[in-house]
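One structure, pasted below without further comment.
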Amino acid sequence: MITKRIIPCLDVKDGRVVKGVNFKGLSDVSSPVELGQYYSEMGADELVFYDITASYEGRKLFTDILTEVASKVFIPLTVGGGINTIEDFDRVLKCGADKVSVNSGAIKNPKLIEEAAKKYGNQCVVISADVKRVDGVFRVFSKGGRENTGMEAISWIKRCVEMGAGEVVVNSIDTDGVKGGFDIPMLSAVLDAVNVPVIASGGAGSMEDFVTLFNLLPTIDAGLAASIFHFKEVEISELKKLLSKNDIKVRL
Amino acid sequence: MIAIIDYGVGNMYSLKCSLESQGIESVMTRDRETILNADKIILPGVGAFKDAAKNLRESGLDKVVIEAAKSGKPLMGICLGMQLLFEKSYEYGECEGLGLIKGSIVPLEGKIPPSYKIPHIGWNALSFKGEKSPIFKYLNENDCVYFVHSYYGVDCAESTIATCEYAIEVTAAVQKGNVFGCQFHPEKSGKVGLSILKAFDEYIPEGGETL
C-alpha cells in the first residue's frame, strides 16, 4: 500500500533558507543542508527546494547548495523556481535533484513540459500551479501568484499532464497563509481531472488539517507546507503518528 | 570498490554519495578492466528501456556486465537498471534486455484499476518473498522504500525476493544468485535504503550460488 507523503518546502534565496525559521538545536537555522537533514531525520518523505533568487550569482549559489544537500540527504528532492528552459532542468538534475517543478516557465512556454518529459521522463516533471478563484472560476496565476493569466486552472493542469507532467502541485492562493486548512474543493476538482499524483499545498495550519485532507480526499497523494514546519507548529514525526492513528497510511 | 556502470543515462551523483555515506568506495566507470576488477557492480538507470539498452549494447558494456555477473561478481540493478537485467521489455515495443533474470517488463497501465495513478510514485511497504535475501538483512517486513516507475517485472516469481502492493502485487526486488535488482531507489529511501546498499556491500556470494 502506497503511503501518503508529507513534504516540507524550503524557500532559498542566495543559498540561504528564508522565511524566518525558528529552530533550537540547529547551529545554522538558515542552512538548507542542516534543515534538509533535520527534516529527513524527522520523517519527511521528500523535500522541495524553491529557488527565489533572481540573480545569476544567486542561481549558481543555489546549485552549489543543492549539490551539498543531495550528498547528505537521501530522500527525493524536488527543485523549483526559475525553471524556464531545458538547460535549467539539466542544471538542477545534475546537482542531484530528482524532480523539477515548473510554474511560470510552463505558462510562458508550454512546450517546455513536453520537451522535458521526453528527455527526462514524466516522473521527473512536476507542474506547479498557483490557483485562485476569480468570480467563482479557478484561474491560474503566474509570477509567484501576482498575475492572473486568465487561464482556467483545471483545463490548464489537465493539459500539462497530457503534455507529460508526471505530478501536480496545487497551491491554492485562496487558502495560502490563512492556516484554516487545505482547499478541499479546489483539490477535489483537480483530482477528478487528472490521473497522476497530486500534492496539496496552501492552507495547512495544524496537524488536524492534514487528517482532514487525507480523510476527505483519499486519492490525494501528499500534503506540502512550509511555515508550520519551519516554526515547529507542527512536528513531522508527531504529524505522522497522528495520521497513522487515524488509519491513514504513512511511512513511520 | 563498487563499479557504478556509467552508460550515459541518469544521474548517478546521489547513488555515489549514498554509498560514500556508508563508507563504501565507488567509481563511475565504463572501462572494462575497472568493471571486471571491481568487487561489485551497480547498474543504475532512469528513463526509457530502449534507449538504455541501446546505450549498453553500443558501448559493449552489456557484454562486460554479463561476463562479470557470470563470473560470480555481485551485481545490483536499480530501477531501470533492474529492468535491464530481465530478458525483455515491452516499453514502446519489444526490446531485449541482458537476460540475467528470467521474466519480462510490462506496463502497469491496464494491470491496475484506472483509479490507481501512473507512474507509481512514492513510499511503499516491502513484503518479503521466500527466504530473506542477504540484501535485506537489516530490514523488517513492511519497511518502506521509494518507488518511481510505470513498468514492472512479470513472470519472475522464482527470483522475486520482495513485492509491494499497488492494487496488484508489484515486483519490488529480485535475486538470482549473485545478481540482485531493486525496482525502487535505495539511494533515495532514507535509512532503510542505505542499509540495503550496506548489506549489498557486505554480501559474499556462497560457492555454487552464482549464475
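Checking A:Gly223 against (1) in contact with a helix residue (DSSP H, G or I) (Cβ under 6 Å, 6 or more places away or on another chain); (2) without any contact (Cβ under 8 Å) to a residue 24 or more places away in the chain: exactly one of these is not met. Which one?
The failed condition is (2).
Going by what's in this entry, would A:Pro197 be described as out of contact with any helix residue (DSSP H, G or I) (no Cβ under 7 Å at 6 or more places or on another chain), surrounded by fewer than 15 Cβ atoms within 10 Å (Cβ to Cβ) and within 14 Å of chain B (Cβ to nearest Cβ)? Even if it seems obvious, please write down each step before you answer.
Numbers: out of contact with any helix residue (DSSP H, G or I) (no Cβ under 7 Å at 6 or more places or on another chain): yes; surrounded by fewer than 15 Cβ atoms within 10 Å (Cβ to Cβ): no; within 14 Å of chain B (Cβ to nearest Cβ): yes.
So A:Pro197 fails the test.
Also, I was wondering about something else. Only one of these is surrounded by 22 or more Cβ atoms within 10 Å (Cβ to Cβ), aliphatic (A, V, I, L, M), touching a helix residue (DSSP H, G or I) at 6+ places or on another chain (Cβ under 6 Å) and part of a helix (DSSP H, G or I): A:Leu239, A:Leu187. Name it. Outline the logic, then answer.
Values: A:Leu187 fails: touching a helix residue (DSSP H, G or I) at 6+ places or on another chain (Cβ under 6 Å).
Matching residue, one of A:Leu239, A:Leu187: A:Leu239.
Report the residue count in the stretch B:150-168 for those that are on the phi > 0 side of the Ramachandran plot and either buried (at least 23 other Cβ atoms within 10 Å of the Cβ) or within 12 Å of chain A (Cβ to nearest Cβ) (or both).
Looking only at the stretch B:150-168, we keep the residues that are on the phi > 0 side of the Ramachandran plot, and these are B:155, B:167.
Now narrow it down to the ones that are either buried (at least 23 other Cβ atoms within 10 Å of the Cβ) or within 12 Å of chain A (Cβ to nearest Cβ) (or both): B:167.
So the count comes out to 1.
Being within 11 Å of chain B (Cβ to nearest Cβ), modelled with pLDDT of 95 or more, outside any helix (DSSP H, G or I) and under 20 Å from A:Ile154 (Cβ atoms): is that true of A:Val131 here?
Numbers: within 11 Å of chain B (Cβ to nearest Cβ): no; modelled with pLDDT of 95 or more: yes; outside any helix (DSSP H, G or I): yes; under 20 Å from A:Ile154 (Cβ atoms): yes.
It is false that A:Val131 is within 11 Å of chain B (Cβ to nearest Cβ), modelled with pLDDT of 95 or more, outside any helix (DSSP H, G or I) and under 20 Å from A:Ile154 (Cβ atoms).
Still on this model: Are there strands (runs of 3 or more DSSP E) fully within the stretch B:28-137 with at least 1 residues that are of a type in the set (A, V, I, L, M) and touching a residue at least 12 places away in the same chain (Cβ under 8 Å)? List them. Give the derivation first.
Working: elements: B:40-43, B:75-78, B:86-89, B:101-107, B:120-125.
Here the list reads B:40-43, B:75-78, B:101-107, B:120-125.
Considering only residues that are over 12 Å from the mean Cα position of the chain (by Cα), of a type in the set (Gly, Ala, Ser) and either buried (at least 24 other Cβ atoms within 10 Å of the Cβ) or closer than 29 Å to A:Gln37 by Cβ (or both), which ones fall in the stretch B:169-189?
Answer for the stretch B:169-189, where residues must be over 12 Å from the mean Cα position of the chain (by Cα), of a type in the set (Gly, Ala, Ser) and either buried (at least 24 other Cβ atoms within 10 Å of the Cβ) or closer than 29 Å to A:Gln37 by Cβ (or both): just B:Ser189.
Applying the selection to the stretch A:42-91, what residues are among the β-branched types (Val, Ile, Thr), away from every other protein chain (no Cβ under 14 Å) and assigned to a loop (DSSP other than H, G, I, E, B)?
Correct list: A:Ile52, A:Thr53, A:Ile83, A:Thr85.
Inspect the stretch B:104-117 for any residue being under 26 Å from B:Ile24 (Cα atoms) and at pLDDT 95 or above and give the result as yes or no.
no
Here is a follow-up. Please work out if A:Ala204 is in a strand (DSSP E or B), under 14 Å from the mean Cα position of the chain (by Cα) and aliphatic (A, V, I, L, M).
Details: in a strand (DSSP E or B): no; under 14 Å from the mean Cα position of the chain (by Cα): yes; aliphatic (A, V, I, L, M): yes.
Criteria not met by A:Ala204.
The values are calculated or read from the model by the stated rules, or taken from the named source; none is laboratory data. Quick caveat, the model's predicted, so the values are computed rather than measured. A quick note on method: Cβ atoms are made from the backbone with ideal geometry, for glycine too, and the neighbour counts reach across all protein chains shown.
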